[in-house]
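Accompanying notes for the structure given below.
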Amino acid sequence: MQLFSIEYISLVVGFLILLIGIWGILTRKNILKMVIGFSLFDTGTHIIIVALGYVRNKTAPILDQANLQTNTAQKIVDPVPQALVLTAIVIGLGVTALMLVYAMKLHNEKKTLNIEKYNDLKW
Amino acid sequence: MLRNSLILLVLLGFAAAVFPLVHSYEAKDTLTGVAEHYANYGKEEVGAANLVSAVVVTYRGFDTLGEVTILFLASAVIGLFLKVSETHTKDSRSVFFKSTEILVTASRLLVPMIMLLGAYIFINGHLTPGGGFQGGAVIASAFALLLLSRPQKQFSHKLISVIESISGITFVFIGLLGILLAGGFLDNHIFAMGKFGTLLSAGAIPIIYILIGLKVGSELTGIVRNLKESQKVG
């Protein structure tokens, strides 16, 4: 375990962003800030997944040079996590847009974004 | 006080759950399993220079179809939400501020160029970093700029839905052609494979990425348009 290698730094940063996101979701009162918390959670997960797919001292999985086209498995990082993150980013975009529109609807109803004012379902 | 300590407890629980993963993490030195197969045989099997595109569109093309469906669902629900609120404020007037001269002039120059960049990104998705989703998002950002600079401008909602539906149906149709003409659903060998690394290569991947680009672009444009239309005072 090298503490200052690129994969380790990105893994730790990813987990920190994820924890900040959870903290934001749990503590913020403003709905928009909670949506930002969800976004941070999302981003942290993406960074972690890409960091886990890193292979030491290898290059991007794009075979545009002739020397990459033979013995490819020894020369590139893992393409699968990158493809999965591509999927996850698009879904995160859709979900964030949906949450923001829902926040807008809520604001239209009660003219406030403070979550403590929404106590209709509270027991 | 109880609340705060509960939150702290949840955070500590998460941190404890992820700490072993960080602590015992070792970067790999070689590819293993399915990634090794993709790396070694991707060139012969799929023929796309960008291996991520090969995974997204062909090896896991079904996954991508589901993803496009989720994005469609999100944009449809947003349309539904905003449509319902629109009926409340039917007779209210729009409250758009006049855009500045700088924004209007710059958008006239930039919008066509941003659209061109988006088209470039999704047409070259099988060769360079990029692809349908990214290109579509870039195109939608051009429309967002257009709406910022000329808020009074109306987009045809019909045109957006027609482009979206046609590209979605054609995507599924190309997938079904794969069953008839090649090895299975979304197999890209239904067209000539071409020379590796050129624009006309990798069989159906460029076509599928163009369709995805158009679909994502029109969906996101629809979301932006719906959001703009709902900006009215009650």
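Checked against (1) surrounded by 18 or more Cβ atoms within 10 Å (Cβ to Cβ); (2) of a type in the set (K, R); (3) more than 10 Å from chain B (Cβ to nearest Cβ), A:K110 passes all but condition (1). Of the residues that make up segment A:29-38, is at least one outside any helix (DSSP H, G or I) and farther than 30 Å from B:G197 by Cβ? Scanning segment A:29-38 turns up at least one residue that is outside any helix (DSSP H, G or I) and farther than 30 Å from B:G197 by Cβ. Checking each residue in segment A:59-74 for being within 8 Å of chain B (Cβ to nearest Cβ) and either in contact with a helix residue (DSSP H, G or I) (Cβ under 7 Å, 6 or more places away or on another chain) or open to solvent by less than 70 Å² (accessible area, probe 1.4 Å) (or both) picks out A:A60, A:P61, A:I62, A:L63, A:Q69, A:T72, A:A73.
Looking across segment A:4-18, just one residue is outside any helix (DSSP H, G or I) and open to solvent by 50 Å² or more (accessible area, probe 1.4 Å), and that is A:F4. The set of residues in segment B:201-210 being crowded, with 24+ Cβ neighbours inside 10 Å, in a helix (DSSP H, G or I) and not hydroxyl-bearing (S, T, Y) consists of B:I205, B:P206, B:I208. Taking each residue of segment B:142-163 that is without any contact (Cβ under 8 Å) to a residue 12 or more places away in the chain and looking for partners that are surrounded by 15 or more Cβ atoms within 10 Å (Cβ to Cβ) and of a type outside the set (K, R) with beta-carbon atoms closer than 8 Å, six or more apart or interchain, yields B:K153/B:L146; B:K153/B:L147.
Listed here are the residues, each with its yes/no results for (1) within 13 Å of chain B (Cβ to nearest Cβ); (2) surrounded by fewer than 18 Cβ atoms within 10 Å (Cβ to Cβ); (3) of a type outside the set (V, I, T); (4) closer than 27 Å to B:A39 by Cα.
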{"position": "A:I20", "(1), (2), (3), (4)": "yes, yes, no, no"}
{"position": "A:G24", "(1), (2), (3), (4)": "yes, no, yes, no"}
{"position": "A:I31", "(1), (2), (3), (4)": "no, no, no, no"}
{"position": "A:V35", "(1), (2), (3), (4)": "no, no, no, no"}
{"position": "A:F41", "(1), (2), (3), (4)": "yes, no, yes, no"}
{"position": "A:R56", "(1), (2), (3), (4)": "yes, yes, yes, yes"}
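In segment B:154-196, what residues are of a type outside the set (A, V, I, L, M, F, W, C), crowded, with 18+ Cβ neighbours inside 10 Å and closer than 20 Å to B:A119 by Cβ? Once the filter is applied, which keeps residues that are of a type outside the set (A, V, I, L, M, F, W, C), crowded, with 18+ Cβ neighbours inside 10 Å and closer than 20 Å to B:A119 by Cβ, segment B:154-196 yields B:E164, B:S167, B:G168.
Residues that are hydroxyl-bearing (S, T, Y) and within 23 Å of B:L6 (Cα to Cα) were ranked within segment A:2-44; the one that is farthest from the chain's Cα centre (by Cα) is A:T27.
The values are calculated or read from the model by the stated rules, or taken from the named source; none is laboratory data. Values in this document were obtained by computation on a predicted structure and should not be read as measured data. We place every Cβ from the backbone using ideal geometry, glycine too, and count neighbours over all the protein chains shown. SASA here: full protein model, heavy atoms, side chains in, ligands and nucleic acids out. Shrake-Rupley method; radii C 1.70, N 1.55, O 1.52, S 1.80 Å.
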